[in-house]
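Q: My structure is below; once you've seen it, I'll send some questions.
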């Protein structure tokens, strides 16, 4: 039956919480849950919490998947959650913003903003019943007072052709000649050239400038251009590098 029905899928970064993951998953009848741990296992002080949560959920017949992300890098978290959402796009997805760190919470909400269709995305906040400030080996909270639904919003992101062009630059270490970009962009059909052979090269440059370089440089601030000798070079900016981490 589950094969023809939408599954209830939870995503929960794992910090120093147990009830904030287990109780919502149980009460909301999750079919599957993705636990996000820290990618540096030797430095992951929350690993014992993840293992306990995993064992408890599996005893409740909830399928558990585990992925890792750098808990200190926002865009790595966003990228990881985006990939999970894409994989589970045919299911109802519940994002637990209370189970990890503040960076995790921001990353969870940012990830929901990337998608045009957010009808199956349901971020929520699990309000704890009791808060504790004890040693790190103990959960920071116990019990759940209430579960609050959170709204989702859409953020404007570049079109596919602009992201495809950005990936070309990323794949070339963030710096390349405009001529090289134009050739690859045409080859990948990011730009389409309708010109006579005698005017093809000039038309290709014009199309790249108008449709790719100008938007990425002036509208998004993801690239800069400079002239060095007879060549024009395209450089990835810090903003472009950060965006490429989770948009591409």
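Computed from the coordinates by the stated procedures, all read-outs in this text should not be read as laboratory data. This structure is a prediction, so every number in the text was calculated from the model and none was measured. Backbone-built Cβ (ideal geometry, glycine too); neighbour counts: all protein chains shown.
Q: Where in segment 142-160 is the amide nitrogen less than 13 Å from a point lying 7 Å along the Cα-to-Cβ axis of residue 52?
A: 142-143
Q: Oh, and also: Regarding segment 2-149, what is the average projected area of its C-alpha convex hull, in nm²?
A: Mean orientational projected area (segment 2-149, Cα hull): 8.3 nm².
Q: If R₀ is 30 angstrom, what is the calculated FRET efficiency for the pair residue 248 and residue 28, using the beta carbon separation as r and rounding to 0.05?
A: For R0 = 30 Å, the calculated efficiency reads 0.40.
Q: Springs between alpha-carbon atoms under 10 Å, Gaussian network over the chain: tell me which of 72, 94, 131 tops the mean-square fluctuations.
A: Result: 131 has the largest fluctuation of those listed.
Q: Right, here's the next one. Taking neighbour Cβ counts within 10 Å as the exposure measure, how do 88, 58 sort from fewest upward?
A: The order, fewest Cβ neighbours first, is 58, 88.
Q: Using a 7 Å offset from the Cα along the Cα-to-Cβ direction at both residue 187 and residue 120, what is the distance between the two label points in nm, to one decimal?
A: Inter-label distance under the simple model: 3.5 nm.
Q: Compute the distance in nm between two label points, each set 7 Å from the Cα along the Cα-to-Cβ direction, one at residue 149 and one at residue 225.
A: In this crude spin-label approximation the distance works out to 4.7 nm.
Q: Using helices alone, what [θ] at 222 nm do you get for the chain, with -39,500 (n - 2.57) per DSSP H run of 4 or more residues, divided over all residues and rounded to the nearest 500?
A: -11000 deg cm²/dmol
Q: Same structure, new question: At a temperature of 10 °C and a viscosity of 1.306 mPa s, determine how fast segment 50-128 diffuses translationally according to Stokes-Einstein, using the Kirkwood radius over alpha-carbon pairs as Rh; express D in µm²/s, rounded to the nearest whole number.
A: Estimated diffusion coefficient is 118 µm²/s.
Q: Could you grab the relative contact order for the chain? Cα pairs under 8 Å, six or more apart, rounded to a whole percent.
A: Numbers: 424 pairs, mean separation 42.6, N = 248.
About 17 percent, as a whole number.
Q: What is the Å³ per residue value for the convex hull set by the Cα atoms of the chain?
A: In the chain, the Cα convex hull volume per residue is 150 Å³.
Q: I've got another one for you. Just the Cα atoms of segment 160-247: what Rg and Dmax do they give in Å?
A: 12.5, 40
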